[in-house]
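One structure is given here, and the rest of the page talks about it.
The values are calculated or read from the model by the stated rules, or taken from the named source; none is laboratory data. Please read these numbers as outputs of a predicted model, since none were measured by experiment. We place every Cβ from the backbone using ideal geometry, glycine too, and count neighbours over all the protein chains shown. Calculation scope for accessible area: heavy atoms of the full protein, side chains included, ligands and nucleic acids excluded. Shrake-Rupley method; radii C 1.70, N 1.55, O 1.52, S 1.80 Å.
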Amino acid sequence: MGVRLEATPRHADVLLCTGAVTRQARERLIRIYEQMPEPKFVVAVGSCAISGGVFQGCYNVMDGIDQVIR
């Protein structure tokens with residue numbers, strides 16, 4: 001068991017989100033998630049990715065990755 005970085009989402013099993021999800025990055029994030037093969041997992045690291053963190057309430061920041069990827 002190990003981790004190997006892949007250059008394309010078509011070969012990835014895990015999507016790692018390490019920061020706030022902005023409205024500008026929303027469409028790209030959805031497109032990357034849809035390109036991943038099944039089974040796929042999403043890991044949100046930190047309060048920014050989970051709920052917006054200190055940026056919560058800003059006009060361009062989503063409330064968390066679970067609001068974007070359903």
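If I take every Cα pair under 8 Å that is 6 or more residues apart in the chain, average their sequence separation and divide by the length, what percent do I get for the relative contact order?
36 percent
³J(HN,Hα) across the stretch 42-56 via Karplus (A = 6.51, B = -1.76, C = 1.60, θ = phi - 60°), whole Hz, x for Gly/Pro?
10, 10, 9, 10, x, 6, 5, 6, 7, 9, x, x, 5, 8, 4
Return the distance in nm (one decimal) between the two label points of a simple spin-label model at Tyr33 and Asp63, each offset 7 Å from Cα along Cα→Cβ.
Roughly 1.5 nm, to one decimal.
Express the accessible area of the chain per residue in Å², computed with a 1.4 Å probe while the remaining protein chains stay in the model. Display every interim value, and only then the final one.
Values: 5290 Å² over 70 residues.
Solvent-accessible surface per residue comes out at 76 Å².
How many times 2.2 N^0.38 Å is the alpha carbon radius of gyration of the chain? Let's see the in-between values first.
Values: Rg = 12.5 Å, N = 70, 2.2 N^0.38 = 11.1 Å.
My calculation over the Cα atoms of the chain gives 1.13.
Points 7 angstrom from Cα along the Cβ direction at Arg26 and Lys40: gap in nanometres?
1.8 nm
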